[in-house]
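No lab work stands behind these numbers, since they all come straight from the coordinates. Keep in mind it's a predicted model, so treat the numbers as computed, not measured. Don't worry about glycine lacking a Cβ; one is built from the backbone with ideal geometry, like all the others, and counts go over all protein chains shown.
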Amino acid sequence: MKVTYPVRILKEEDYYSVQGLEPLTGVITDGDTLGEALKNAREALTGVLGAMLDHGMEIPDPLRPEEAQEGIYWVEPDLHVSCPILIRKARIGAGMTQADLARRVGVTFQQVQKWERSGTNPTVVSLEKIFKALGRTLDLSVA
């Protein structure tokens, strides 16, 4: 499972404008090149989702456009934000509270809270324990 959200990138006269699509329309940025626009979109998306995590807000699932559209790109936030989102969504999907997960993994409730906030850096061993406790498997890949 990957955490990706759609953005629309349009070529303007001398730059590329970026607009987040539902449900994250607040992701707005631009760039001089398409590559820079995509980099800035990732940075903006990371900021918006990180703030949502840190304020305990619900992280929305991305809405898939009904059909492929030109100028739509799927952007993944930085790992320090996508990892806590994956943990939180898997925990909620398993019907567990943070306290339930803490008991299953053998850590404090506060540790689970940290894992579900932006900027955390759990070890691979911790991630493996977390997802095993949630009935999921951890699959690492390098692209």
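What are the lysines whose alpha-carbon lies under 23 Å from the alpha-carbon of LYS39, with same-chain residues fewer than 8 places away excluded?
Straight-line reach from LYS39, under 23 Å: LYS2, LYS11.
Place a +1 charge on the Cβ of each Lys and Arg in the chain and a -1 charge on the Cβ of each Asp and Glu, then give the dipole magnitude about the Cα centre in debye, rounded to the nearest 20.
So the magnitude is around 1160 debye.
Expected output is a single nm value to one decimal: the length gained when fully extending between THR108 and ASP139, i.e. 0.36 nm times separation in residues minus the C-alpha distance. What is it?
Working it through step by step, the gained length comes to 8.7 nm.
Taking N as the number of residues in segment 1-118, what is its Cα Rg relative to 2.2 N^0.38 Å?
1.21
Taking θ = phi - 60°, what integer Hz values does the Karplus form 6.51 cos²θ - 1.76 cosθ + 1.60 yield along segment 35-44, in sequence order, with x for Gly and Pro?
After applying 6.51 cos²θ - 1.76 cosθ + 1.60, I find x, 5, 5, 5, 4, 5, 5, 4, 4, 5 Hz.
Please work out the FRET efficiency for the pair ILE28 and ILE92, using the Cβ-Cβ distance as r and a Förster radius of 35 Å; give the result to the nearest 0.05.
So the FRET efficiency works out to roughly 0.80.
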